[in-house]
Every structure is written in C-alpha cells, then in structure tokens.
C-alpha cells in the first residue's frame, strides 16, 4: 500500500491555550512538528501519497506543507464549511484512494522507527487475510498518559468491547481500511467509531498489538511532560 490519510482537521481543544493560535499538528516535540514526524514515518513504511484533511487554522498547515517540500506527494483536502469528524473526513476523501486499501494515521502519536516493523506486519496480515479494517492497538499499561482508559479488548486478533473486568487496549492512531467499510453510511459528519462498531458486530475488526511504549499528545499537561521527557 502506497497511500495514506493523515487526519489534521481537529481543534485541539485539550491543548488550549497553545492551540488558540497554532493547530495541534504543528506543535513540536524535540524540534520537529507532530505533522512532519508523522509524514516522515509514513515515508519510512513505503507510503508515496498522503492525503491530509484540514479545517481549523487550515492556512497554517497548508503553508507549512508548501514550505517543507516533503519527498512524497501530498494532497490537501480542506473541510471549509464544517469539520466532518474522523469518519466523515475519511469518507470525504475516499475518491483519492481509487477503491484500494490505505493507511489512516493520527499525528497525535509520536511515531518512531520502532513502529515500522509493526506497520509492515499489520499490512502483510491485512492483505494476506483479506481484511476490511485493522488497527494497531496497545495495552494501556504502556501508555505515557496514565489517565487513558481502555477503548477495547481483543481475542484472537479480533477487537471487541466486551468488558469482563475492564477494557485494556488503546487505539494508537494507525489503521488500515478498505473503502467498502463505508458502504451504507449516509451521514456526512460522523466519528470513525461508527464504522468500528459496525465491524465489531460482524467480528470483522482486526487488530495487531503494539509492543512500543505509547507516547500520545493528549492534553496540555501531557504535552508539557513529553517536552521534558524528550528534552525539548
């Protein structure tokens, strides 16, 4: 797979006041923006074409991309009137992927070289087993932000929300999807959870468990703690 969708339209509400004047993807960790770190990671796993959706402070992101001149093709899709949320944003850009499977990634996670082999393994399994959607998840014990609650559980590499005791796994922000997962959805504004829930009901949401420590820019406090950890 050589195409990816990078979600960059959000308001970054939990990072205020920093995000009052700077979109979250342009915040820096160790002298590199979250956006450039994510694009560089995508390049390392073989992606050649990145589609980026923008809405909040869109001009800043567009100008940044134009100035950086990344070594892959970037298509920017601007959600001008309303933000379409995660699922709606992907569906709005679906024609860019020519009915082929593609990566979807959030820039909030600090992606590094340790994720490369996991992404490639997930891709190989996705193609060999003809999956519809697969996500990279991590046990919440590996999360730097200890306030994260679990989103899912897994059994035999299938995602569920069965809460025998507690939900132990967090979505890292990387998934692979086929465009067909949006069939039957008529909403324009919706979260990706709507698609995931549909797949979970059919036992069709697959997962790979990550062994990488999970650093995610979730709140202002966590961001400041990450700056200290990475000695910014």
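Laboratory data are not the source of any read-out in this text; all were calculated from the coordinates shown. Everything numeric in this text was worked out from a predicted model, so none of it was measured. Cβ atoms come from the backbone with ideal geometry, glycine included; neighbour counts cover every protein chain shown.
Shape class of segment 85-132 from the alpha-carbon gyration tensor: oblate, with a/c at 1.5 or above and b/c at least as large as a/b. Each of 86, 2, 109 has some number of other Cβ atoms within 10 Å of its Cβ, and from fewest to most they run 2, 86, 109. Potential lengthening of the chain between residue 183 and residue 49 amounts to 45.9 nm, from the contour at 0.36 nm per residue minus the alpha-carbon distance. Calculated mean residue ellipticity, 222 nm, the chain: -8000 deg cm²/dmol, from DSSP H runs (n ≥ 4) at -39500 (n - 2.57) each, averaged per residue and rounded to 500. The residues 111, 196, when put in order of fewest to most other Cβ atoms within 10 Å, stand as 196, 111. For segment 70-85, list residues with backbone N below 19 Å from a point placed 7 Å from the Cα of residue 197 toward its Cβ? Residues 84-85 fall inside that zone. GNM on the chain, alpha-carbon springs under 10 angstrom: the most fluctuating residue among 160, 130, 53 is 130.
When DSSP beta bridges are restricted to pairs lying wholly in the chain, around 50% turn out antiparallel. Across the chain, Cα pairs under 8 Å and at least six residues apart give a relative contact order of 26 percent.
Each of 41, 102 was scored by other Cβ atoms within 10 Å of its Cβ. Arranged with the fewest first, they read 41, 102. Taking springs between alpha-carbon atoms closer than 10 angstrom, which of 25, 17, 107 fluctuates most in the Gaussian network model of the chain? Result for the chain, Cα springs under 10 Å: 17 fluctuates most. If you plug the beta carbon distance of residue 11 and residue 94 into 1/(1 + (r/R0)^6) with R0 = 35 Å, you get a FRET efficiency near 0.90.
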